[in-house]
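The values are calculated or read from the model by the stated rules, or taken from the named source; none is laboratory data. Everything numeric here is computed off the predicted structure, so don't read it as measured data. In this analysis, Cβ positions are derived from the backbone assuming ideal geometry, glycine residues included, and neighbour counts consider all displayed protein chains. Note: areas computed on protein heavy atoms with side chains; ligands, DNA, RNA excluded. Shrake-Rupley method; radii C 1.70, N 1.55, O 1.52, S 1.80 Å.
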Amino acid sequence: MRIFRLFYIIFISLRFGLDEFILSHTKLKPLQCVISSLLFWRSKQVPRGERLRLALENLGPIFVKFGQMLSTRRDLIPADIADELARLQDQVPPFSYPEVEKVITSAFNQPLTELFSQFDEAPVASASVAQVHFAHLPDGEPVAVKVLRPNIEKVIAHDLRLMDTIAWLLQGISAEVKRLKPREIVAEFARHTQSELDLTLEAANCSLLGRNFADKSMLIVPEVHWDWCRKEVMVMQRMHGTPISQRDMLAAKGIDIPKLAAEGVEIFFTQVFRDGFFHADMHPGNIQVADDGKYIALDFGIMGTLNDTDKYYLARNFLAFFNRDYRDVAQAHIDSGWVPADTKREELETAVRAICEPIFDKPLKDISFARTLLSLFQMARRFGVIIQPQLIMLQKTLLNIEGLGRELDPNLDLWKSAQPFLTRWMSEQIGWRGILKTIKKELPHIAKVLPEMPRLAHQFLTQTNQAELDVPLRNSIDKLIEAQQLQAIWQKRLVIAIVLITVVEVVLVASTYFIH
């Protein structure tokens, strides 16, 4: 079956002229002329990006999903192809209700009728990995039930192996293709896809995001019904809202559209910089608006995470952009390790200036925040950096947020909305509040280690003196005298160290007092 599937992939590739992508950059380029002669009937008037999109759609939902992921890797592929792949719509025909019932019954070892008092047979949404049905729990509470497609793991594993084989063949015949690291791209896609095959992971993502926005003042996240969750099934609170893409309907309901757009930016930066945990698939299909103007988040299969170091250097980069401090942008890239340590700062600064300076000749509302970040990623690649996956997901999400915000409000100034938030966040991190926060966070660890410091210092000094004494004693008395003198010096230093440790303990106790 795998051989037949491979032949079908080759057939579709030739039908849509994808040999142009492969053979034109290899030693097999003369073969392209032969293929073009044999397949003279096919038309190549359609742009290459559109032909690639159509080929992926013909190959099925997993390849469509791969194309969607590939569209986010604008640091690797040309812009015209990325723009076309971004148009891929994952509208997959639903699987039948008997199959839905079979999956749920198998997951719970109970009949569906005992699990739900009512279950809508027609799905409200269908995607490549799962589909969603509305239902009611035994107590009558309305819920949304997400169900994995039957045997989807085998289908995905089968196609992923084929993708990896094709990537291996391509990078073996083309240095240009090898530079794009096709097997690594397939591996990245596999990681994302595998995480979507366990709905308990998605439920955990939903639950964590819900805790981060527990006050529901800006963002509403559905509650998870854990007793009804399994690997193949996820049950959550049913949400009622208007899709954010229906701008006219939102306006008819009296929603303040400019305010809605600005709050969307604030929600995103709150997720990124306050929590380091953000929804990384925020396209219009996954966002609704409640009648009171609050955002509703849906679909939590793809989430991004940032550590404190990533957050700090991102904020530092953004604020340096605002201040046109290209030297600090370059230094931040070096300090963060995003570019090699031996990179010449002056050269990097010049490259950053070439990207950013033309931008500031435009009105701020006409500047693309996300595309500026993308340009910097592409520039950094020239200096040998490999962009981290979490930053790629951030850039992809930022493109979604920016596009969505400007569809709602064409005058939205993303930079103006972001700057106060970032300035405040940086102040909290490196100002006096940040220092107190760090001390409070580290105090339990410090309090545990400090009492052990004198003993550890004594052990270190004893071992040091012994190591220095063993060999000299075998050679001469002079060395012994020298070692004794060294021991006297270390003893004095130990006394000083103990005094300093005592002072630190007093300061920490005082700090704790003031913090509380």
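Out of everything in region 306-329 that is part of a helix (DSSP H, G or I) and hydrophobic (A, V, I, L, M, F, W, C), what residue ends up being farthest from LEU422 (Cα to Cα)? If you could, list the steps in order and put the result at the bottom.
Taking region 306-329 and keeping what is part of a helix (DSSP H, G or I), we get 308-322, 326-329.
Then drop every residue that is not hydrophobic (A, V, I, L, M, F, W, C), which leaves 314-315, 318-322, 329.
Values: LEU314: 10, ALA315: 6, PHE318: 8, LEU319: 7, ALA320: 11, PHE321: 12, PHE322: 11, VAL329: 15 Å.
Here the answer is VAL329.
Selection of region 316-333 for residues being of a type in the set (A, V, I, L, M) and at pLDDT below 80 yields only LEU319.
Do you know which residues across region 193-204 are part of a helix (DSSP H, G or I) and surrounded by fewer than 20 Cβ atoms within 10 Å (Cβ to Cβ)? Before the answer, list the steps.
Filtering region 193-204 for residues part of a helix (DSSP H, G or I) gives 193-195, 199-204.
GLN194, SER195, THR200, LEU201, ALA204, listed by residue number.
Taking the criterion of being in contact (Cβ under 8 Å) with a residue 40 or more places away in the chain and either under 21 Å from the mean Cα position of the chain (by Cα) or open to solvent by less than 10 Å² (accessible area, probe 1.4 Å) (or both), the residues of region 286-298 that qualify are ILE287, VAL289, TYR295, ILE296, ALA297, LEU298.
Of the residues in region 136-146, at least one is in contact with a helix residue (DSSP H, G or I) (Cβ under 7 Å, 6 or more places away or on another chain) and under 18 Å from THR200 (Cα atoms). Of all the numbered requirements in (1) more than 30 Å from ARG230 (Cβ to Cβ); (2) surrounded by fewer than 15 Cβ atoms within 10 Å (Cβ to Cβ); (3) modelled with pLDDT under 80, SER71 misses one, and that requirement is (2).
A quick yes/no check of all residues on (1) free of Cβ contacts under 8 Å to residues at least 40 places away in the same chain; (2) part of a loop (DSSP other than H, G, I, E, B):
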site: PRO138; (1), (2): yes, yes
site: ALA144; (1), (2): no, no
site: ILE156; (1), (2): no, no
site: ALA167; (1), (2): yes, no
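Considered as a group, the residues in region 114-132 that are in contact with a helix residue (DSSP H, G or I) (Cβ under 9 Å, 6 or more places away or on another chain) and not in a loop (DSSP other than H, G, I, E, B) include one that is farthest from LYS146 (Cα to Cα), and that residue is GLU114.
Being in a loop (DSSP other than H, G, I, E, B), open to solvent by 80 Å² or more (accessible area, probe 1.4 Å) and either over 16 Å from LYS146 (Cα atoms) or of a type outside the set (Phe, Trp, Tyr) (or both) narrows it down to one of PRO98, PRO93, so name that one. Spell out how you get there, then give the answer.
Working: PRO98 fails: in a loop (DSSP other than H, G, I, E, B).
Result of the check over PRO98, PRO93: PRO93.
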